[in-house]
Amino acid sequence: MSLEDAHCGAIFSGLIRDIVKTRTLAEMDKVPTKINLSPYDDMAVRTLVGYINGDDQSNIDISFYALADLLDLARSLFIINLLRQLENALMSAASQSTDGLLQSMIIVGKERLISGGLLSRRKIEALAASAFPQVARHKNIGMIPAIIFANLIARCDLDIKSEMEVVDAGLVWIWKQKNRLAASQLVFSRIRSAFLSPGDRSTIRQRVKALWEGEKVLPLVASMLSSSHCRRCCMIKEHIENRCVRCGVPPPLDDNKVNFDKLPLSIPSALAPKKG
């Protein structure tokens, strides 16, 4: 059985358990007659009611905020057809622009939707991998949820020319988080340091030190750059044949030169807290 089959089986088993639980509650006359929808976006609730009533909603224009709430409602209430329609709409938005892609990554990274296992999450992460340079430069990169960003930078199929691009985007994301120590752990545990030259590692250490309060995370970063765990290599045949930059045996890297041009996004002045 593949991992995907196992995942689908787990979801199906969960649905069966919930159906049995609901039936038991119904027999005990403990099924609630009302559901409190006040925490949800008004447009999301109106759209849900319209869907249940069978209204024509082909021309409805909803915000990403309402879409996120609708996805949550459809998943929670097991309205599977609506859930699939909403996921298709999410994929369409993610495919149209980098803004849409970022918004979609934020939505699928919501805690309730992560636990619900949206089918579109993996597809959106794959889209983000193919558009990694655009994602890395986006002004809202720091809003990408930790679990989604971690999944993204752990992928073998990132559209990059070198591992330093992942480091650069990672530093920007780290410095937009409240807990930079935890964020650094998350990012640098996914950096494939076997593809970094001695000069690259020196460049990273010096850049981190120059960033605002960088000395607080520098020991952790330095430790992880030299960790044997982070020197792991992907040897999947298909990845090597497809020339994935992050896969295969890394070439000999003996460059000792510090080169900050390899980190054009994580400029200290750009990541410093704004005054006033």
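The values are calculated or read from the model by the stated rules, or taken from the named source; none is laboratory data. Keep in mind that this is a model prediction, so the values were computed, not measured. Heads up, the Cβs are rebuilt from the backbone with ideal geometry, glycines too, and the neighbour counts pull from every protein chain shown.
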For residues in segment 203-226 being surrounded by fewer than 17 Cβ atoms within 10 Å (Cβ to Cβ) and among the polar types (S, T, N, Q), which is farthest from Ala182 (Cα to Cα)?
-> Gln206
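Whether any residue in segment 258-267 is among the hydroxyl-bearing types (Ser, Thr, Tyr), crowded, with 19+ Cβ neighbours inside 10 Å and assigned to a helix (DSSP H, G or I) is what I want to check.
So the first thing to find is which residues in segment 258-267 are among the hydroxyl-bearing types (Ser, Thr, Tyr), and the list is 266.
Remaining after also requiring crowded, with 19+ Cβ neighbours inside 10 Å: 266.
From what is left, the residues that are assigned to a helix (DSSP H, G or I) are none.
Scanning segment 258-267 turns up no residue that is among the hydroxyl-bearing types (Ser, Thr, Tyr), crowded, with 19+ Cβ neighbours inside 10 Å and assigned to a helix (DSSP H, G or I).
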Given segment 132-218, what helices (runs of 4 or more DSSP H) lie entirely inside it while holding 2 or more residues that are over 16 Å from the mean Cα position of the chain (by Cα) and either in contact (Cβ under 8 Å) with a residue 24 or more places away in the chain or in the same structural domain as Arg231 (by TED's automatic domain parsing) (or both)?
-> 163-174, 180-188, 198-210
Yes or no: Ala93 of a type outside the set (Val, Ile, Thr) and over 23 Å from Leu127 (Cα atoms)?
-> no
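Give segment 48-87 a look and list any residue that's among the polar types (S, T, N, Q) and either more than 22 Å from Arg122 (Cα to Cα) or surrounded by 12 or more Cβ atoms within 10 Å (Cβ to Cβ) (or both), or say none. Even if it seems obvious, please write down each step before you answer.
From segment 48-87, those among the polar types (S, T, N, Q) are 53, 57-59, 63, 76, 81, 85; that's our starting set.
Of everything in segment 48-87, those that are among the polar types (S, T, N, Q) and either more than 22 Å from Arg122 (Cα to Cα) or surrounded by 12 or more Cβ atoms within 10 Å (Cβ to Cβ) (or both) turn out to be Asn53, Gln57, Ser58, Asn59, Ser63, Ser76, Gln85.
Considering only segment 219-241, state which residues are part of a loop (DSSP other than H, G, I, E, B) and touching a residue at least 40 places away in the same chain (Cβ under 8 Å). Steps first, answer last, please.
Restricting attention to segment 219-241, the residues satisfying the condition of being part of a loop (DSSP other than H, G, I, E, B) are 226-228, 232-233, 235-236.
Result: Arg232, Cys233, Ile236.
Determine which member of the set Gln85, Gln103, Gln57 is assigned by TED's automatic domain parsing to the domain that holds Leu118 and modelled with pLDDT of 90 or more.
Numbers: Gln85 fails: modelled with pLDDT of 90 or more; Gln57 fails: modelled with pLDDT of 90 or more.
Result: Gln103 is the single residue among Gln85, Gln103, Gln57 that is assigned by TED's automatic domain parsing to the domain that holds Leu118 and modelled with pLDDT of 90 or more.
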Residue within segment 227-235 that is surrounded by 16 or more Cβ atoms within 10 Å (Cβ to Cβ), at pLDDT below 95 and within 26 Å of Pro251 (Cα to Cα) present = yes
Has segment 107-125 got any residue that is among the polar types (S, T, N, Q), within 30 Å of Leu253 (Cα to Cα) and surrounded by fewer than 21 Cβ atoms within 10 Å (Cβ to Cβ)?
-> no
Here the residues within segment 220-267 that are of a type in the set (D, E, K, R) and over 17 Å from Asp159 (Cα atoms) are Arg231, Arg232, Lys237, Asp254, Asp255, Lys257, Asp261
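Could you run through segment 70-84 and say how many residues are of a type outside the set (Val, Ile, Thr) and over 9 Å from Leu48 (Cβ atoms)?
Filtering segment 70-84 down to residues of a type outside the set (Val, Ile, Thr) leaves 70-78, 81-84.
This time we only want the ones that are over 9 Å from Leu48 (Cβ atoms), so: 71-72, 75-76, 78, 81, 83-84.
Selection size over segment 70-84: 8.
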Residues of segment 137-166 being closer than 15 Å to Leu265 by Cα and touching a Leu at 6+ places or on another chain (Cβ under 7 Å), in sequence order, are Arg137, His138, Asn140, Glu163, Met164, Val166
For Ala270, indicate whether it is modelled with pLDDT under 95, in a helix (DSSP H, G or I), aliphatic (A, V, I, L, M) and more than 24 Å from Cys156 (Cβ to Cβ).
-> yes
